[in-house]
Amino acid sequence: MLELRLVQGSLLKKVLEAIRELVTDANFDCSGTGFSLQAMDSSHVALVALLLRAEGFEHYRCDRNLSMGMNLNNMAKMLRCAGNDDIITIKADDGSDTVTFMFESPKQDKIADFEMKLMDIDSEHLGIPDSEYQAIVRMPSAEFMRICKDLSSIGDTVVISVTKEGVKFSTSGEIGSANIVCRQNQTVDKPEEATIIEMQEPVSLTFALRYMNSFTKASSLSDQVTISLSSELPVVVEYKIAEMGYIRFYLAPKIEEDEEMKP
Amino acid sequence: MADAAAATTLEWATKEPCLMGIDEAGRGPVLGPMVYGCMYCARSYNDTLATLKFADSKTLKEEQREELFESLKVNSSIGWEVDVICPKDLSAKMLKRSKVNLNEISHNSAMGLVRKVLDMGVLLAEVYIDTVGDPEKYRIKLTEKFPGIKFVVAKKADSLYPVVSGASIVAKVTRDRALRNWVFDETALNMHMKTGSGYPGDPDTKQWLEDHKHPVFGFPTLVRFSWGTCTPFFKDAVEVTWESDDVDEDATNNGRAKRQVKLSSLGFTGFKRKTEEIESSGKGRCKFFQARNLELVRKFQ
């Protein structure tokens with residue numbers, strides 16, 4: 001028996017919108033500690049990891065670990081039927097091949113049940129290597145979204161370089177090139193607008209903007225985004241979900257044709 | 001391609017200032033080559049030229065044009081040249097990554113003719129051209145390229161100046177012959193030359209296009225693929241995936257290709273290789289299939 005009651009229903013809607021472009025089918029894993037998902041995109045270049053901790057739910061009951069395979073587009077379709085202020089409850093019976101989403105209006109005068117068929121998805125958990133990052137940039141998520149969007153109108157890839165000066169996003173394409181530098185900026189009264197750069201050593205990596213743009217769909221979940229970079233490692237783009245968990249996107253870099261990365 | 005008539009420069013042309021007319025044939029049709037023709041003569045001969053009954057090639061019948069062309073070929077007081085742009089070139093230029101529009105192609109062809117004639121030692125003084133695009137801009141472009149020559153760019157120049165009418169006959173006859181004697185690159189069955197006028201509105205032309213379309217290759221190279229007329233015929237054509245496109249996309253960046261790394265090569269471990277990857281590697285399958293990169297597919301599209 002599984003029953004998860006999320007007062008802030010809009011949160012789940014936003015999560016779905018953030019990941020459904022990257023991944024079409026994924027397993028949602030429920031355990032005693034929380035509701036999570038880990039999935040790779042079809043080209044095995046990007047990975048999304050979502051965690052919603054049990055404490056974040058108003059009511060969390062998960063008798064045994066359960067993995068539910070869902071088509072994210074179908075799930076998004078159902079969740080779009082929930083109002084932004086609705087309370088969403090996810091319910092599933094042991095051994096059942098369906099999941100039920102229940103939407104309650106804030107005034108409790110309307111209750112909707114949507115039952116979705118589950119699917120059998122063959123996937124295994126990835127071990128994500130624990131590592132120290134050479135540079136960690138925290139910046140306003142809206143700013144990061146804007147940068148990715150702007151740069152993708154000029155080029156296909158973005159070079160993210162962190163130096164003492166700040167973090168530089170650059171691209172070049174057929175029509176020309178662009179550089180955007182963001183400097184450290186700590187605003188005491190507005191922590192959500194701060195840009196904080198923690199750098200152990202300078203780092204510069206190239207990524208496909210297509211993926212970055214799809215990550216920024218999660219911007220509505222958090223005012224701030226954390227970008228962790230290390231050479232020879234995937235970048236981590238993390239959006240914290242207030243008091244509940246996080247959504248993390250991992251993206252493998254692009255490298256020069258001749259240099260080979262050690263597996 | 002031009003069967004150069006004036007391979008040896010005519011003597012008068014190097015001594016006397018000359019007039020030249022340039023005109024085109026086959027700009028509009030969806031198939032066949034576009035031909036630029038030019039005709040030149042000594043300035044003093046211009047009056048005689050006016051009596052030769054050259055008129056705009058479109059107003060003449062095909063036989064009349066052929067006749068005039070033959071008479072013009074044997075006339076030692078007239079020189080001429082053609083530039084034949086084959087449909088394959090037109091399609092390629094107009095569809096390639098940095099596109100060249102038809103006006104640009106026309107301008108270049110005309111300027112090529114002027115250059116060619118000058119290189120032969122002809123003393124060009126005045127050049128008359130039927131306009132393509134804005135006449136004044138075209139004139140400035142030409143004057144900048146060839147200072148010292150007076151350019152007259154006009155609409156309907158082929159009916160105004162006999163020397164342009166002559167050029168239009170040269171161009172039109174060359175195009176007609178090229179089309180009549182067209183040898184297909186393709187060897188499909190049942191190909192025919194009932195192309196009609198070649199203009200997109202002509203029902204015969206439409207029928208010809210319908211008869212000659214191919215789901216993979218489109219049309220024979222006689223057709224200008226870049227014409228809007230062609231697009232509706234490809235509605236239910238086969239979708240082709242170009243493997244090189246992915247590489248191309250990267251190559252535009254900084255001019256050097258970058259390779260996208262997969263997560264599995266960066267220490268992300270433990271996930272099952274997706275079946276598709278195992279299949280495409282051909283692991284554990286007969287050598288015959290491995291060597292030819294043949295894969296099992298479950299779905300045909």
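Look at the range A:197-227 and say how many of its residues are assigned to a strand (DSSP E or B), in contact with a Lys or Arg (Cβ under 9 Å, 6 or more places away or on another chain) and touching a residue at least 60 places away in the same chain (Cβ under 8 Å). If you could, list the steps in order and put the result at the bottom.
Residues of the range A:197-227 that are assigned to a strand (DSSP E or B), as a first pass: A:197-199, A:203-208, A:224-227.
From the residues that got through so far, the ones that are in contact with a Lys or Arg (Cβ under 9 Å, 6 or more places away or on another chain) too are A:197-199, A:204-208, A:224-227.
Filter once more, keeping what is touching a residue at least 60 places away in the same chain (Cβ under 8 Å): A:197-199, A:208, A:224-227.
Within the range A:197-227, residues that are assigned to a strand (DSSP E or B), in contact with a Lys or Arg (Cβ under 9 Å, 6 or more places away or on another chain) and touching a residue at least 60 places away in the same chain (Cβ under 8 Å) number 8.
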Pairs, first within 23 Å of A:Met40 (Cα to Cα) and free of Cβ contacts under 8 Å to residues at least 40 places away in the same chain in the range A:56-82, second open to solvent by less than 70 Å² (accessible area, probe 1.4 Å) and assigned to a loop (DSSP other than H, G, I, E, B), C-beta under 6 Å, six or more apart | A:Asn65/A:Ser31
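Residue-wise test of (1) part of a loop (DSSP other than H, G, I, E, B); (2) in contact (Cβ under 8 Å) with a residue 40 or more places away in the chain; (3) open to solvent by less than 50 Å² (accessible area, probe 1.4 Å).
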| residue | (1), (2), (3) |
| --- | --- |
| A:Val137 | no, yes, yes |
| A:Arg146 | no, no, no |
| A:Val158 | no, yes, yes |
| A:Ile175 | yes, no, no |
| A:Ile180 | no, no, yes |
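Report those helices (runs of 4 or more DSSP H) wholly inside the range B:23-111 carrying at least 3 residues which are loosely packed, with under 14 Cβ neighbours inside 10 Å and free of Cβ contacts under 8 Å to residues at least 12 places away in the same chain.
Working: elements: B:46-50, B:62-74, B:87-95.
Ranges flagged: B:62-74.
Please verify whether B:Ala125 is buried (at least 18 other Cβ atoms within 10 Å of the Cβ), in the same structural domain as B:Leu19 (by TED's automatic domain parsing) and either modelled with pLDDT under 80 or of a type in the set (Gly, Ala, Ser) (or both), treating the condition exactly as stated.
On the way: buried (at least 18 other Cβ atoms within 10 Å of the Cβ): no; in the same structural domain as B:Leu19 (by TED's automatic domain parsing): yes; either modelled with pLDDT under 80 or of a type in the set (Gly, Ala, Ser) (or both): yes.
In short, no.
From the residues in the range A:157-196 that are among the hydroxyl-bearing types (Ser, Thr, Tyr) and under 22 Å from A:Val235 (Cβ atoms), which one is farthest from the other protein chains (Cβ to nearest Cβ)?
Narrowing the range A:157-196 to residues among the hydroxyl-bearing types (Ser, Thr, Tyr): A:157, A:161, A:163, A:170-172, A:177, A:187, A:195.
So of that shortlist, the ones also under 22 Å from A:Val235 (Cβ atoms) come out as A:157, A:161, A:163, A:170-172, A:177, A:195.
Values: A:Thr157: 5, A:Ser161: 14, A:Thr163: 19, A:Ser170: 10, A:Thr171: 8, A:Ser172: 6, A:Ser177: 9, A:Thr195: 26 Å.
Per the stated criteria, the residue is A:Thr195.
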Taking only the range B:189-226 into account, find how many residues are touching a residue at least 24 places away in the same chain (Cβ under 8 Å) and surrounded by fewer than 11 Cβ atoms within 10 Å (Cβ to Cβ).
-> 1
Single residue of the range A:92-132 satisfying the filter (free of Cβ contacts under 8 Å to residues at least 12 places away in the same chain and within 14 Å of another protein chain (Cβ to nearest Cβ)) that is least open to solvent (accessible area, probe 1.4 Å) | A:Gly127
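The values are calculated or read from the model by the stated rules, or taken from the named source; none is laboratory data. These numbers were taken from a predicted model, which means no experiment stands behind them. Ideal geometry is used to build each Cβ from the backbone, glycine not excepted, and the neighbour counts take in all protein chains shown. To get the accessible areas, we keep the full protein, side chains included, count just its heavy atoms, and leave off ligands, DNA and RNA. Shrake-Rupley method; radii C 1.70, N 1.55, O 1.52, S 1.80 Å.
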